[in-house]
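One structure is given here, and the rest of the page talks about it.
No value in this document is a laboratory result; all are computed from the given coordinates. Treat the numbers as computed from the prediction; the structure is a model and nothing was measured. So basically every Cβ, Gly included, is an ideal-geometry build from the backbone, and we count neighbours across all protein chains shown.
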């Protein structure tokens, strides 16, 4: 998403609503919800769920129990899903500890493969579970969400309850398409990009991490988009302030790469500090396997902070043992 588009999204987050175009309906505003709106939806959701159960729709748990009893689904497959989730968490933690770009790239590849595997496992399960009381409640709450979110130019609801319930299928499809198109731009990735963009940080760094100063209203009245954006702003600001080096310009504008850079830089510094504190022979000063590009990216391209592995190997008779390698890492 280009900067100009991000600026538009940012302005809509600040206003708390989005102006939307729809051929059949004019002057639509899509309201951005806050905690008060969410509380009403939670109450409605429970009401829809209770109605579904009362009318005989099975709950999610009942469907899973039935599938296992009939041998259509198994506890083993449930365990496989849990194991895949655990593996994904493990890969993400491992990624936080590596600092060489090649290792980061490998971790990203394995994480992506694990996410795809998990998605396939969960899709298989959901297709078997089918239509439940929870699914019914979710569909009804989405309709209620639309009803509350669509406003007219006067900032009042676009439709009365009766008018909304009488909308034809074609009109509803049109409104849903318009709504989805206009809310896609507020996905977390876009808000993250805004939070590291100059037009945002130039303002954000002046508010002293005070949401009231930034938005001009109490936290409880903030929309979810405003809360999320402010949280990202604090997170990335703290990350940069607590780093020993400033991130390269091309990294600073990419939230995911910025997090990777911060975590890898921190891990690299911890490895160096640990080896120096250990005071072991051959400890100290290097990141084994780091290329010049790695060292430059991490802000460690000081000749005094690296050692020559070939020289160390020669000192050990031509090769380094695992113990030698561990000493070089300060372990």
> When only alpha-carbon atoms count, how far does region 149-188 stretch along each of its three principal axes, as whole angstroms with the largest first?
Replying inline: 35, 25, 13
> On full extension of the chain, what length is gained from residue 169 through residue 119, given 0.36 nm per residue of separation minus the C-alpha to C-alpha distance?
Replying inline: 14.9 nm
> Based on the inverse mean of 1/r over its pairs of different Cα atoms, what is the Kirkwood hydrodynamic radius of region 1-122, in Å?
Replying inline: 20.0
> At what distance in nm do the modelled label points of residue 246 and residue 142 sit from each other, each positioned 7 Å from its Cα along Cα→Cβ?
Replying inline: 4.6
>> What distance in nm lies between label points placed 7 Å from Cα along the C-beta direction at residue 8 and residue 108?
In response: 2.8
> Want the number for residue 81 to residue 50: 0.36 nm per residue separation, take away the alpha-carbon distance, what's left?
Replying inline: 8.3 nm
